[in-house]
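Trainee: Below is the structure I would like to discuss, written out as structure tokens.
The values are calculated or read from the model by the stated rules, or taken from the named source; none is laboratory data. Source: prediction; values computed, not measured. Cβ sites come from the backbone with ideal geometry, for glycine too, and all protein chains shown count toward neighbours. Please note that ligands, DNA and RNA were not included when accessible areas were found on the heavy atoms of the full protein model with its side chains. Shrake-Rupley method; radii C 1.70, N 1.55, O 1.52, S 1.80 Å.
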Amino acid sequence: MTLQFEEIFRTKNPARDKFLSRLFGLFSEEVVRYWCRCPAAPYEDLGRPTLRVPGEARGHTLDFTLRHKETGKVYVAEMKCELEFENYRYLRLTGAWQLQHHRGVAFQKFLQLAREPVSIEVRMGGRELKVDGAVLIWGAVAPEGRSAVITEYGFADVLSVKEMVNDLRRWQPIGWREEVEQLRHWSRELFDSLM
């Protein structure tokens with residue numbers, strides 16, 4: 001059975017949807033990391049990169065550095081998983097316009113790196129790293145949204161957290177069920193203690 005983000009995060013109860021979106025946001029990066037550890041995933045996660053332009057004393061740290069398992073190419077990746085935000089406008093990526101509200105310096109560097117990988121210095125673990133571009137990770141992605149942002153911004157790929165979760169459900173890697181059960185247990189402990 002395929003998980004549909006819209007069925008979980010967009011109901012007739014916005015308060016519920018906001019709560020579940022925030023709860024999912026607490027561990028959504030772990031979904032990506034776990035997925036990358038699976039043999040069938042096309043990417044492996046190398047860690048968090050820091051981007052710096054020439055002359056800048058401090059850089060901006062982004063979410064992931066992904067290496068494509070077949071090509072060996074390395075990409076800086078940033079995740080935007082805004083499920084309920086602004087009345088679900090960003091739940092599913094359908095067009096390039098959805099990236100326009102991200103105006104922060106870190107995201108602008110990320111966009112620049114997608115088009116011109118050599119224009120931004122990337123460091124990880126104190127060492128400079130040569131990268132081949134950028135990969136965007138979004139909550140759920142429509143084919144036309146993937147195509148639009150690749151064309152508009154020059155991303156090497158656009159990945160979907162929804163598809164990653166579905167892969168994990170299908171692959172059932174060792175430890176995934178236990179990881180989810182632990183999160184469920186901790187959440188239940190919290191809510192039980194409030195009663």
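Trainee: With Lys80, Lys69 as the choices, which residue is touching a residue at least 12 places away in the same chain (Cβ under 8 Å) and either among the hydroxyl-bearing types (Ser, Thr, Tyr) or open to solvent by 60 Å² or more (accessible area, probe 1.4 Å) (or both)?
Mentor: Being touching a residue at least 12 places away in the same chain (Cβ under 8 Å) and either among the hydroxyl-bearing types (Ser, Thr, Tyr) or open to solvent by 60 Å² or more (accessible area, probe 1.4 Å) (or both) holds for just one of Lys80, Lys69, which is Lys69.
Trainee: A follow-up question, please. Identify, by number, the condition in (1) in contact with a His (Cβ under 6 Å, 6 or more places away or on another chain); (2) at pLDDT 95 or above that Lys73 doesn't meet.
Mentor: (1)
Trainee: Separate question: Only one of (1) more than 13 Å from the chain's Cα centre (by Cα); (2) at pLDDT 95 or above is not met by Tyr88, so which one is it?
Mentor: For Tyr88, the failing item is (2).
Trainee: Could you check the stretch 129-195 for helices (runs of 4 or more DSSP H) lying wholly inside it with 1 or more residues that are among the small types (Gly, Ala, Ser) and surrounded by 14 or more Cβ atoms within 10 Å (Cβ to Cβ)?
Mentor: Result: 143-153.
Trainee: Could you grab me the full set of residues in the stretch 105-128 that are among the aliphatic types (A, V, I, L, M), open to solvent by 30 Å² or more (accessible area, probe 1.4 Å) and within 16 Å of Leu66 (Cα to Cα)?
Mentor: Within the stretch 105-128, just Met124 meets the criteria.
Trainee: Next question, about the same structure. When you go through Ala15, Ala57 one by one, which is the residue that is part of a loop (DSSP other than H, G, I, E, B) and surrounded by fewer than 20 Cβ atoms within 10 Å (Cβ to Cβ)?
Mentor: Selected residue: Ala57, the only one of Ala15, Ala57 that is part of a loop (DSSP other than H, G, I, E, B) and surrounded by fewer than 20 Cβ atoms within 10 Å (Cβ to Cβ).
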